[in-house]
Amino acid sequence: MPEIVQLAARRAAVMHAEASTEELPATFARIFPAVHAALTEQGVTDMGHVIAVYHSMDANQMTLSAGIEIGDGVEPSGELELLEMPAGDAVKADHFGPYEELGKTHEQVWQYVQEIGRMPSGGPIERYITDPGAEPDTSKWHTEILLPLQ
């Protein structure tokens, strides 16, 4: 069930991409390891969860940033860019299950935003809590969906 939460400011090292829904798995499979490798090469050990931030979406194409949360003292370099996410109210929903079913939880978030009469201040954020490489049971995969509010 979606709820309003207070988000702390967050930072992430990201790469930008455009992808269709069908291309998302391959896009993430390319970006997430590349960001991790680049941060590791820079000697970064202060890494958090893997995230995706959707800047624009339509029926066929999305523009997004994908990467890894980083601590305050980390400055990404090279092909990585810094994405700063401000503190503030957000709608949060926890999704448990395979990524192919995330759309249902996104719909619940958007419906809740309409019900409470608030406006988003940016696109949705997916924060991948469970590492699929460590947990083969897709029903246990936990993803937070966050939608920052004005």
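Laboratory data are not the source of any read-out in this text; all were calculated from the coordinates shown. In this text, all values refer to a predicted model and were calculated from it rather than measured experimentally. All Cβ positions, glycine included, derive from the backbone under ideal geometry; neighbour counts span all protein chains shown.
In whole angstrom, note down how far apart the Cα centers of the stretch 61-113 and the stretch 129-150 are.
Using only Cα atoms to place each centre, the spacing works out to 11 Å.
Report, to the nearest 10°, how far helix 24-41 tilts away from the longest principal axis of the Cα atoms in the chain, using its own Cα long axis and a range of 0 to 90°.
Tilt of helix 24-41: around 40 degrees.
To the nearest 10 degrees, how steep is helix 102-116 against the longest Cα principal axis of the chain, on a 0 to 90 scale?
For helix 102-116, the angle is close to 50 degrees.
Mean-square fluctuation check for the chain, GNM, Cα pairs under 10 Å: which of Ala34, Ala66, Ala134 is largest?
Ala134
Can you give the Kirkwood hydrodynamic radius for the stretch 61-108, in Å, rounded to one decimal and based on Cα pairs?
Computed over Cα pairs of the stretch 61-108, the Kirkwood hydrodynamic radius comes out at 14.0 Å.
Along the Cα-to-Cβ line of Met57, 7 Å from the Cα, sits a label point; which residues in the stretch 1-24 have backbone N less than 11 Å from it?
Under 11 Å, as judged by backbone N against the label point of Met57, lie 21 of the stretch 1-24.
Only helical DSSP H runs with n ≥ 4 go in: add -39500 (n - 2.57) per run for the chain, normalise by residue count and round the 222 nm mean residue ellipticity to 500 deg cm²/dmol.
Dividing the helical sum by the residues of the chain leaves -7500 deg cm²/dmol.
Amide H to amide H under 5 Å from Trp141: which residues, 5+ apart in sequence or cross-chain, H placed 1.01 Å off N in plane?
Here the answer is Gly97, since their amide H atoms fall under 5 Å of that of Trp141.
How big is the Rg/Rh ratio for the stretch 3-148, C-alpha atoms only, Rh by Kirkwood, two decimals?
0.95
Between Ile129, Ile70, Ile51, which gets the highest mean-square fluctuation from a Gaussian network model of the chain, Cα cutoff 10 Å?
Answer for the Gaussian network model of the chain: Ile129.
Hey, what did the stretch 1-114 get for relative contact order, percent, Cα under 8 Å, at least 6 apart?
Reported as a whole number, the value is 42 percent.
When the chain is treated as a GNM, springs tying every alpha-carbon pair under 10 Å, which of Asp46, Asp58, Asp131 comes out with the largest mean-square fluctuation?
Sorting by GNM fluctuation, first place goes to Asp58.
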